[in-house]
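Chemist: Before we start, here is the structure in question, set down as C-alpha cells.
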Amino acid sequence: MIVRNQPSIVIVTRPTRLEGLRRRWGTLGQAKFSLKAARAIANEDAATESPKARHAKSHATSAALVQADFADYSAEDDVYQRSVDELESMLQFGCPVKTIDRSFVPNYDFGLASVVVVVGQDGLVANVAKYVGDVPIVAVNPDPARIDGILLPFNSKHATLAVRSVLAGSARVKTVTLAEAKLNDGQRLLAFNDFFIGAASHISARYVITCDKRSEPQSSSGVIVSTGAGSTGWMSSVFNMAAGVARSMGADISQQSPLEWDANRLLWAVREPFQSRTSKINLVVGQLDAPKELVIESLMPEQGVIFSDGIESDFLPFISGSIVRIGISAQKAYLVYP
C-alpha cells in the first residue's frame, strides 16, 4: 500500500435500479408505462370473467404493482444519492475529489489516487479492487436496511474518518489475495473472489487440465478457481453439493473450511466432470500454493470463456489454441477496516 505525496480521492458509484430504468427507457414515465403493460399481459388469465372485465382488472392490478415497485425504487435511489452527496461534501479535505461511475473503472487511471471510496454493494468492491492497484479501498454501505455488506464496513460518516486515516498513513488495512489468469497470447485477468473457466452456454466445456505435472482431458460444466475471499461463495456451494452427495452414499466427510482472505493459496474444483472414452475424472479438486499454477488448454472451437467474480460480460475468449495459467497474483487488494 502506498500513500501518494499529492493525495486525491476517487469515489466510485453505481446506478440504482431507478437510474437503470431511466437509462433503459429514457424517462421514468416511459419506464412506468412499459412495466405496466408487461405486467398486464402477464396477469391476464383464462378466468370466466368477460374479456372486458378481465382486461380492466389486469390493468388496475398492474398499475398498483408498478406504483409500489417505483415507490421502492425511488426510496432506494433517495437513500443512495443522499449517501453519495454526504460523502462528496464530507470528503472536502483540500485535495481533489473525483466521482466516477463503475462503468469507467476498467479504463480509469488510479495512479494519482491515494484512496478509493466505493459506495456498495459487495460486488462493486470486488470489481473495483482488480483495477486500483495498491490504492487502499474504503468501502461504504449506503443502505444497511437493504444491503448486507460483508465487504462494506463503513457508513458515510465513518468513512470520512477512514479516509483521513489513509491520508495520514495510519489506516488499518486488510490485505486480500487476488488470483490471476494469464493467457498464452498475453491477455490477463484478475479475480477478487473466483474465476470460471468453461463454456459460455450450457454445453459441456472441453479442455486439458494440468496440475502438479499431471494432465488429463476433461469434459465438464467448467472449472472454478477461488481465492480466500471467494471461498465462502461459489466455491463453498460446490463443496456443499459434494458433501451432500457423499453423505447420501453413507460417507462421513467434513466440510471444507474457508481460507483466510490473505492466504497465499487458491482452491479449485471441476463442476460435474463427465467420464467417457475421451475424458477423465481424476483431477477434480485441489489447492494451489504459490508459486503453483493450474494450466488449462481449451479444446473448444467456440464459446469458451474465462470470467471473474461473476461478471460474464467482462471475459477473455478461451477457444482452441488458448492456454491459461492460473495462480496467485503478485498484486493484492487493500481494504480499510475500522
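The values are calculated or read from the model by the stated rules, or taken from the named source; none is laboratory data. These numbers were taken from a predicted model, which means no experiment stands behind them. Here the Cβ is made from the backbone with ideal geometry for all residues, glycine too, and neighbour counts use every protein chain on show. Only protein heavy atoms, including side chains, enter the accessible area calculation; ligands, DNA and RNA are left aside. Shrake-Rupley method; radii C 1.70, N 1.55, O 1.52, S 1.80 Å.
Chemist: Going by the structure shown, is residue 276 more than 23 Å from the chain's Cα centre (by Cα), without any contact (Cβ under 8 Å) to a residue 60 or more places away in the chain and under 19 Å from residue 216 (Cβ atoms)?
Modeler: Yes: the conditions hold for residue 276.
Chemist: Out of all the residues in the range 220-253, which are in a loop (DSSP other than H, G, I, E, B), more than 24 Å from residue 276 (Cα to Cα) and of a type outside the set (A, V, I, L, M)?
Modeler: Across the range 220-253, the qualifying residues are 227, 228, 230, 231, 232, 233, 250, 252.
Chemist: Further question on the same structure: Output the residues belonging to the range 200-218 that are assigned to a strand (DSSP E or B), of a type outside the set (S, T, N, Q) and within 17 Å of residue 326 (Cβ to Cβ).
Modeler: Residues satisfying the conditions are 205, 207, 208, 209, 211, 214, 216.
Chemist: May I pose another question? Taking the condition of being touching a strand residue (DSSP E or B) at 6+ places or on another chain (Cβ under 6 Å) and part of a loop (DSSP other than H, G, I, E, B), how many residues in the range 283-301 meet it?
Modeler: Of the residues in that region, 6 qualify.
Chemist: If you don't mind, another one. Pairs please, first residue from the range 301-312 and without any contact (Cβ under 8 Å) to a residue 40 or more places away in the chain, second anywhere and surrounded by fewer than 14 Cβ atoms within 10 Å (Cβ to Cβ), Cβ atoms under 7 Å, 6+ apart in sequence or on different chains.
Modeler: If the second residue must be surrounded by fewer than 14 Cβ atoms within 10 Å (Cβ to Cβ), the pairs left are 301/319; 301/320; 302/319.
Chemist: Please work out which one of (1) among the acidic types (Asp, Glu); (2) outside any loop (DSSP other than H, G, I, E, B); (3) modelled with pLDDT under 85 is the condition residue 49 fails and give its number.
Modeler: Of everything listed in (1) among the acidic types (Asp, Glu); (2) outside any loop (DSSP other than H, G, I, E, B); (3) modelled with pLDDT under 85, residue 49 misses just condition (2).
Chemist: Can you tell me which residues in the range 222-231 are farther than 19 Å from residue 325 by Cα and among the polar types (S, T, N, Q)?
Modeler: 231
Chemist: Let me ask something else about it. Residues to consider are 30, 67; find the one that is assigned to a helix (DSSP H, G or I), open to solvent by 60 Å² or more (accessible area, probe 1.4 Å) and at pLDDT 75 or above.
Modeler: 30
Chemist: Within the range 115-125, which residues are buried (at least 22 other Cβ atoms within 10 Å of the Cβ) and at pLDDT below 95?
Modeler: The answer is 120, and nothing else.
Chemist: Would you mind stating whether residue 277 is at pLDDT 95 or above, among the basic types (Lys, Arg), farther than 18 Å from residue 230 by Cβ and in a loop (DSSP other than H, G, I, E, B)?
Modeler: Yes: the conditions hold for residue 277.
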